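Q: Mind looking over this structure? Questions follow.
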Protein chains: 2
Amino acid sequence: MTGTPDATRPLAGVRIIEISSFVAVPLAGMTLGQLGAEVIRVDPIGGAADYHRWPVTGDGDSIYWAGLNKGKRSMAADFRSQDGQDLVQRLIADSGVLITNVAGRDWHSYDTLTRLRPDLIHVEVSGRADGGTGVDYTVNAGIGFPLVTGPAELATPVNHVLPAWDVACGIYTALAVVTALRHRDVTGHGQQISIPLENVALATAGNLSLFTEVMVNGTARERIGNSVYGQYGQDFTSSDGVSFMIVALTNRHFRDLTELTGTTKAVAALVDTLSADFTDEGERYRHRDALSGLFTEWFSQHSAEEITAALSATSVLWERYRTFAEVVTEDRLSANPMFSPLDQPRIGQYLAPGLPIAIDGAYPPAVAAPALGDDTEAVLGEWLGITTDEIGRLTESGTVA
Amino acid sequence: MTGTPDATRPLAGVRIIEISSFVAVPLAGMTLGQLGAEVIRVDPIGGAADYHRWPVTGDGDSIYWAGLNKGKRSMAADFRSQDGQDLVQRLIADSGVLITNVAGRDWHSYDTLTRLRPDLIHVEVSGRADGGTGVDYTVNAGIGFPLVTGPAELATPVNHVLPAWDVACGIYTALAVVTALRHRDVTGHGQQISIPLENVALATAGNLSLFTEVMVNGTARERIGNSVYGQYGQDFTSSDGVSFMIVALTNRHFRDLTELTGTTKAVAALVDTLSADFTDEGERYRHRDALSGLFTEWFSQHSAEEITAALSATSVLWERYRTFAEVVTEDRLSANPMFSPLDQPRIGQYLAPGLPIAIDGAYPPAVAAPALGDDTEAVLGEWLGITTDEIGRLTESGTVA
């Protein structure tokens, strides 16, 4: 708002209206807010479809909603009334930027709004590329990943738990907004931007060659469990039942792994037997089962503690599998400068992540999420200059809340 | 380069040097290029660690590398020689933007390079938050997702096949660059930006409440197979063995699903038996197994074709699970305006995705990837004004290739 060149708040002075629900657009708004923009999430009175989404506290407050709307301001309005729509339109025209995943509404369409604000930046996230509806878990089913995820012997699809397409789509949305802001700074023109969630998934799968290898080689990726395709990467279990993920991308990694596991001679024998060249990543991948067979013994004969100590002394890429609870209890969050204690009304105090982008050494920190309508009066007053009396009438008539 | 206000190339005129390998930073560079920037990927002679990564063609050319470096220019230089380092430093100073995941090299560190270009934008992607090495598959193991992915009865971790953290990190990197460009336009200052891959994963899991529910409620997410947490979402199989993903987020979705499957009365009976309120998403989630038991019969008695036709007439969110090969052969790519035929040297002709962001109705299209060193001469000549004779000497001495 001040125009001060604070490097960790590079979007200070930018105002954004968000009409959203669920993950992608809320994440985009939160990200833009963490970069310094003033983001107002405008919801229908009573909240959008995500206002009570699980996980919830014992009192029924949504931990989920609080997590994806940190640092925003909140206003609630009657989206069905002309007066409510007019107010929101005025806010959008005033801010100059709308991000939304509520597609197909005439009253906040690009055509309607550019009559009020010709240089508007209007970003709409939709479901399917053909205009149909879709959410992360349906889009993911149609792309191909669930049928190659999980143990090789499994015949059923395995969904991802991370809504990866929503997350990617949300960050693309933030990117589209900032790019359009810079373009408007230079040219004076706004933009109409459309990001179908399905196209985020299709582009990503395409960029990562999963369609291309079908078109070029005539072969499709197979289900290979926890192996890393085209490289040597595999999970192993310690004598005390702890799983580790091991990746060897380079010859040095691989040599360290064979030395660590005492299999250097056995691997050399394998080279003779199979006529394999283990300096070639493709050969390490092709013969991964034979190699894993050799390495498994060492892992199964050592405890997690011993394995951790041994791997730490090598170049090998590795990690111990952890539960979400273990991540929290091992104090990895409290030791990480991206996390800070957040006193979140309705939810409680917890360690909350800021933006995962450190600017000049500092992570933009987490700020508490509002409750629905917390900022209705302030926004109407500050932005639109509406008097307290008039706001009182709007509240009484149910136009805002 | 021209400064023409072409809305679909908003970063025209921006030059970026990329020193990278694998997914995150190459995806960032490609994304910035698709937005109009001129991106030069500078590699060591012979290529970085990803130049031969699988999948490869029958001739051994990397389909993978071509997929993540579309539309860039390529230059190769001897990174170990002073002369090679000097040339790359001059290019970085000239462009004003470096993106890299090759961390910890003095010769292209922020401190070294800002002596040559004080307003440099320097973006470094690293592995672990504590400075250690890490790749997508090790970072993912340490966060928690693999231990809650896959069938509930499974005891082993299930890795993701999509390198979701790399993808998210790459888009965050592009976002950081554009935000820093806009900040520099306004203030004249560059930025030092650091993005640890692990922090992208930790921030995302934190934003999505997976750590917060442990800290606030004392409970951690369980392994629930293909169910959608906190909502009604489940996979079903048709009489001819095809899997479908079904999601009902709203009361309307749920009502349509019960009508479709002829279970409206049975669900009403369940409400009485369980004292459940299925207008509450949490109740639909809690009793998901009982509900799925009712719905399963209808799916198992109908063919995939019948199910598709029936679902299409409802509001229910759904998708048929497809293999990567099915996505290609069903012509969904050729019908999608984001994909266009690409004549990719060394690889062949295929349908390649552009950027999944449509600007004023158009998707920035895919452009072929270079081969290593394709643009070395042109870049040295155009950018640094080095003569053809001098470039010849640099090539002969092995400084560039």
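Q: For A:ALA378 and B:ASP185, what does the FRET efficiency come to when R0 = 30 Å and r is the distance between their Cβ atoms, rounded to the nearest 0.05?
A: Computed FRET efficiency for A:ALA378 and B:ASP185: 0.45.
Q: Which three semi-axes in whole Å describe the equivalent ellipsoid of chain A, each the square root of 5 times a Cα gyration tensor eigenvalue, listed largest first?
A: Result for chain A: semi-axes of 49, 24, 19 Å.
Q: Looking at the protein assembly as shown, send over the antiparallel percent of its DSSP beta bridges, to the nearest 5.
A: Values: 42 of 86 bridges.
The answer is about 50 percent antiparallel.
Q: Let me check I have the definition right: for the protein assembly as shown, take the eigenvalues of the Cα gyration tensor, multiply each by 5, take square roots. What are those semi-axes in whole Å, largest first?
A: On the way: eigenvalues 323, 241, 129 Å².
Value: 40, 35, 25 Å, ordered largest first.
Q: List the residues, sorted by chain then number, that are 5 or more residues from A:VAL56 or on another chain and whose placed amide H is less than 5 Å from its amide H.
A: A:ILE63
Q: Also, I was wondering about something else. I'd like the mean, over residues of A:7-15, of how many other protein chain beta carbons sit within 10 Å of each residue's own Cβ.
A: 3
Q: Another one. Below 8 Å, C-alpha to C-alpha, sequence gap of six or more: please give me the relative contact order for region B:93-140 in percent.
A: The value is 40 percent.
Q: Apply the Karplus curve 6.51 cos²θ - 1.76 cosθ + 1.60, θ = phi - 60°, to the phi angles in region B:165-177 and return the couplings in whole Hz, x for Gly and Pro.
A: 6, 4, 5, 4, 4, x, 6, 4, 4, 4, 4, 4, 5
Q: Express the Stokes-Einstein translational diffusion coefficient of region B:283-389 in µm² s⁻¹, to the nearest whole number, given a Kirkwood radius over alpha-carbon pairs, 20 °C and a viscosity of 1.002 mPa s.
A: Estimated diffusion coefficient is 111 µm²/s.
Q: Could you compute the FRET efficiency for A:ASP280 and A:ASP331, with r as their C-beta to C-beta distance and R0 at 35 Å, rounded to 0.05?
A: 0.25
Q: Now a separate question. How far apart, in nm, are the 7 Å Cα→Cβ label points at A:ASP240 and A:THR219?
A: In this crude spin-label approximation the distance works out to 4.2 nm.
Q: Same structure again: Where does region A:152-204 land on the Kirkwood hydrodynamic radius, alpha-carbon pairs, in angstrom?
A: Taking every pair of different Cα atoms in region A:152-204, averaging 1/r and inverting gives 13.4 Å.
Q: Longest exposed-loop-site-free stretch of chain A, with trypsin sites (Lys or Arg not before Pro), DSSP loop and at most 14 other Cβ within 10 Å?
A: In short, A:116-401.
Q: Continuing with this model, one more query. In 10 Å bins starting at 0, how do the alpha-carbon pair distances of region A:129-184 split up by percent?
A: 20, 36, 26, 13, 4, 0
Q: Over region A:173-293, what relative contact order in percent results from Cα pairs under 8 Å that are six or more residues apart?
A: Computed over region A:173-293, the figure is 15 percent.
Q: Could you estimate the translational diffusion coefficient of region A:23-67 from the Stokes-Einstein equation, with Rh from the Kirkwood formula over C-alpha pairs, at 4 °C and 1.567 mPa s, in whole µm²/s?
A: In µm²/s, the coefficient is 112.
Q: For chain B, which longest stretch is free of loop sites, where a loop site is one of the GluC sites (Glu not before Pro) that DSSP puts outside H, G, I, E and B and that has at most 15 other Cβ atoms within 10 Å?
A: Answer from the scan: B:1-152.
Q: On average, how much area does the Cα convex hull of region B:176-227 cover when viewed from any direction, in nm²? Can you show the working numbers first?
A: Values: hull surface 24.0 nm².
Reported value for the Cα convex hull: 6.0 nm².
Q: With θ set to phi - 60°, apply the Karplus curve 6.51 cos²θ - 1.76 cosθ + 1.60 along region B:194-206 and write out the HN-Hα couplings as whole Hz, x wherever there is a Gly or Pro.
A: Ordered by residue, 3J(HN,Hα) equals 10, 10, x, 3, 4, 6, 4, 5, 5, 5, 5, 4, x Hz.
Q: OK, next. Compute the separation of the alpha-carbon centres of region B:241-272 and region A:217-272 and state it in Å as a whole number.
A: Answer, in whole Å: 45.
Q: Using alpha carbons only, how many degrees (0 to 90, rounded to 10) separate the axis of helix A:82-95 from the longest principal axis of chain A?
A: The angle comes out at about 70 degrees.
Q: With a point put 7 Å past each Cα toward its Cβ, work out how far A:SER292 is from A:SER312 in nm, to one decimal.
A: 2.7 nm
Q: Show me the three semi-axes of the equivalent ellipsoid for region A:342-401, from the C-alpha gyration tensor (sqrt of 5 times each eigenvalue), largest first, rounded to whole Å. Walk me through the numbers on the way to the answer.
A: Values: eigenvalues 224, 49, 10 Å².
Output for region A:342-401: semi-axes of 33, 16, 7 Å.
Q: Ignore the peptide's own chain and count Cβ atoms of other chains within 10 Å of each Cβ in A:245-254; give me the average, rounded.
A: If you average over the peptide's residues, the count of other-chain Cβ atoms is 3.
Q: Just want to confirm a number: the relative contact order over chain B, from Cα pairs under 8 angstrom separated by 6+ residues, in percent.
A: 18 percent
Q: Along region A:129-145, what does the Karplus equation 6.51 cos²θ - 1.76 cosθ + 1.60 (θ = phi - 60°) give for ³J(HN,Hα), rounded to whole Hz, x for Gly and Pro?
A: These are the phi-based 3J(HN,Hα) values: 4, 8, x, x, 7, x, 10, 3, 6, 7, 4, 4, 4, x, 9, x, 4 Hz.
Q: A further question on this structure: Name the residues whose placed amide hydrogens come within less than 5 Å of the amide hydrogen of B:LEU351, ignoring near sequence neighbours (fewer than 5 apart) on the same chain.
A: Close amide H contacts, sequence-distant or interchain: B:LEU342.
Q: Round to the nearest 10 and give me the degree value, 0 to 90, for the angle of helix A:264-274's Cα axis relative to the longest principal axis of chain A.
A: It is inclined by approximately 80 degrees.
Q: Where does the Debye-calculated log10 I(q)/I(0) of region A:214-328 sit at q = 0.13, 0.15 Å⁻¹, using only Cα point scatterers of equal weight, no solvent?
A: Calculated log10 I(q)/I(0) at the listed q: -0.52, -0.68.
Q: B:ALA266 to B:THR112: extension gain in nm, 0.36 nm per residue of separation minus the Cα-Cα distance?
A: Extra length from B:ALA266 to B:THR112 when fully extended: 48.3 nm.
Q: I would also like to ask the following. Could you tell me what percent of the DSSP beta bridges with both partners in chain B are antiparallel, to the nearest 5?
A: Percent antiparallel among DSSP bridges in chain B is about 45.
Q: Using only Cα atoms, find the angle between the long axis of helix B:251-260 and the longest principal axis of chain B, and express it within 0 to 90 degrees, rounded to the nearest 10.
A: Between the helix axis and the principal axis of chain B, the angle is about 60 degrees.
Q: Right, another one. Specify, per residue and in Å³, the volume enclosed by the convex hull of the alpha carbon atoms belonging to region B:72-174.
A: Cα convex hull per residue, to the nearest whole number: 136 Å³.
Q: Give the Cα extents of region B:1-88 along the principal axes, in whole Å, largest first.
A: 40, 36, 20
Q: Still on this structure: More than 22 angstrom separation, counting every C-alpha pair in region B:129-276; what % is that?
A: Of all Cα-Cα distances in region B:129-276, 61 percent exceed 22 Å.
Q: Just checking the output field for A:235-242: average partner chain Cβ neighbours within 10 Å of each residue's Cβ?
A: Mean inter-chain Cβ contacts per residue within 10 Å come to 1.
Computed from the coordinates by the stated procedures, all read-outs in this text should not be read as laboratory data. Everything numeric in this text was worked out from a predicted model, so none of it was measured. Cβ: placed from backbone, ideal geometry, glycine included. Neighbour counts: every protein chain shown.
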